[in-house]
Every structure is written in structure tokens, then in C-alpha cells.
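The block underneath contains the structure these notes are about, expressed in C-alpha cells.
Read-outs: derived from the displayed coordinates by stated rules, not from any lab. Computed from a predicted model, the values in this text were never measured in an experiment. Note: ideal-geometry Cβ built from the backbone for every residue, glycine included; neighbour counts use all protein chains shown.
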Amino acid sequence: MAATLGVSRSDLLLWRMRDPVPEAFAALVKRRLAHEPVAQILGRKEFYGREFRVTRDVLIPRADSETTVAAAIEACPAGGRILDCGTGSGALLLTLLAELPQASGVGIDRSPAALAVAADNAGRLGLSGRAELRLGDWHRPDWRDALGTFACVIANPPYVEDDAELALSVSEYEPAEALFAGPDGLDDYQVLIPQLPALLAPGGCAVLEIGATQAGPVREIAAGAGFLADVRRDLGGRDRAVILRLGLGK
């Protein structure tokens, strides 16, 4: 209703509750009754205090991922050069660039449509000059070519089990390739983590979002690649992000 009236939610609740219902409101309610996410209906989602444009081509930024961003800021407070693997809307990378004024970054995604959304968000936030967006897929052998090394690699890879039951607002409207990762949800960690050492500058770190039950398995995968892992929990007390640093001698 607030969007239909063109006002904020607080203004709606404080001043506009007696307004006549706009004609466009019914159509939006019909879409929501069909389980379409509010963020897609409105075309935007707030994340870390900023507004990001979203479409059906990208995963909707979630509050849980703010834990991942906070972990990256903690692990790499000086910024430096950042790589975002699977950038989608650009929410993770662009938030880090906004919070770390000295940082620059590269965001990769295998979807041209997602990269177009990320580029639009970079422009809206005034970050186009510090964010390079390019096609990339860590399942391809040549994806690291010419990327160089980074102070921080951040990723929110697919980590949902193939047979997981999801809300219709997720399963019917968000891109499956950004959600599902094999029978245990670990397929992308198994592919991506062993490649991270070659992407990290000396003293660099990687920050990965994880499912609430995946800290143990992801630690094991990381240890096999020479990493020490430190877990961060979200506001609900669930494991949500791992900070990876190469161990001594690696």
C-alpha cells in the first residue's frame, strides 16, 4: 500500500491510513497472493541500509547475508581489492565498497542478466568506478584467468540441498542456479574453496556464507585446502559465515 501511494511505510501508518485505496493496489495484492516476493513486486530490497534493485534474475538480498558482509569488514577492515563470486544483484560487493571507501572490487557471475542488475545497482549507488563486473563461473577451468589476487574474496554460493522444501515465494520466483548445490548443498564449496588460495594476496582472507548446519562440513573442505576457519553467527544465533585464512606453511 505504501508503494502504491508513493510514500514510506512510516508515513502510511502515521498519516495516510484514511486515504482512499488506489486502483493499482489490488493488482499488487493479487501478485502477492500468487506467492510472488514483495521485493520482486516492488522491484527493490533494502540491504545494509541501502536500496538495491532486484529482478527474477537475481537472488533477493536477505538480512542473514548482512552477517557475511559484517564478517568481511571485520576480517579485512582496510578494504583493498575484493572479489565477489556469484555477485547477483551486487549486494555484497557494493555494500563492502560503500563501507570501505579505499576498496575496489570485481564481481563475477555466470548470468549476463544478473550482471546487468548489478551494474544498475552500482550506478545507482555511485560505485561504478570502483566495481568491475564480468562474466565468470568457478566451474570452468579458465575462470581465474587475468583476475589477479585479492585482499578478500567473498561469496554467497548456492548451498541449498536439491530436495529441500522451500517456500513457493523462493522456489517459484528465485533463480534455482543461485540456490541449489547437490544432495547435501556442498557441491559449490567443494569446487570453489580449493581454488581460493590462488586468488588470495598474502595475508588475504575469504568469507563465505553457509547454511545453518554446514559449518562442520565446510570447515573440513577448507582444512583440506589449507585454511583455518572461523565461524560467525547471524542475529538468530545460527552459523552463517566462515572466515577462511591460510594456515602456517600454506
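Dividing the summed -39500 (n - 2.57) terms of all DSSP H runs of n ≥ 4 by the residue count of the chain sets its mean residue ellipticity at 222 nm at -8500 deg cm²/dmol. Shown in residue order for region 165-177 are the 3J(HN,Hα) couplings computed by the Karplus curve 6.51 cos²θ - 1.76 cosθ + 1.60 at θ = phi - 60°: 8, 10, 4, 4, 5, 9, 5, 9, 10, 10, x, 4, 5 Hz (x for Gly and Pro).
Taking 7 Å steps out from each Cα toward its Cβ at residue 35 and residue 146 produces label points 4.2 nm apart. For the chain, the relative contact order comes to 17 percent (Cα pairs under 8 Å, sequence separation of at least 6). Largest GNM mean-square fluctuation among 53, 81, 144, using the chain with Cα springs under 10 Å: 144.
Taking 0.36 nm per residue of separation and subtracting the Cα-Cα distance, full extension of the segment from residue 198 to residue 13 would add 61.4 nm.
Residues 30, 45, ranked from the fewest to the most other C-beta atoms within 10 Å, line up as 30, 45.
In terms of packing, defined here as the mean over residues of other Cβ atoms within 10 angstrom, the peptides 170-182, 86-98 line up highest first as 86-98, 170-182.
Debye sum, Cα scatterers, region 126-224, no solvent: what log₁₀ I/I(0) at q = 0.11, 0.16, 0.19 1/Å? So the normalised log intensities are -0.40, -0.81, -1.06.
Considering only 77, 22, 61, the mean-square fluctuation computed in a Gaussian network model of the chain, springs between alpha carbons under 10 angstrom, is largest for 22.
Does region 36-130 come out rounded, prolate or oblate by the C-alpha gyration tensor, with a ≥ b ≥ c the root eigenvalues, rounded set by a/c under 1.5 and, if not, prolate when a/b is larger than b/c and oblate if not?
prolate
Amide H to amide H distances under 5 Å link residue 106 with 82, 83, 84, 132, where only residues 5 or more positions off or on other chains count and H is placed in the peptide plane.
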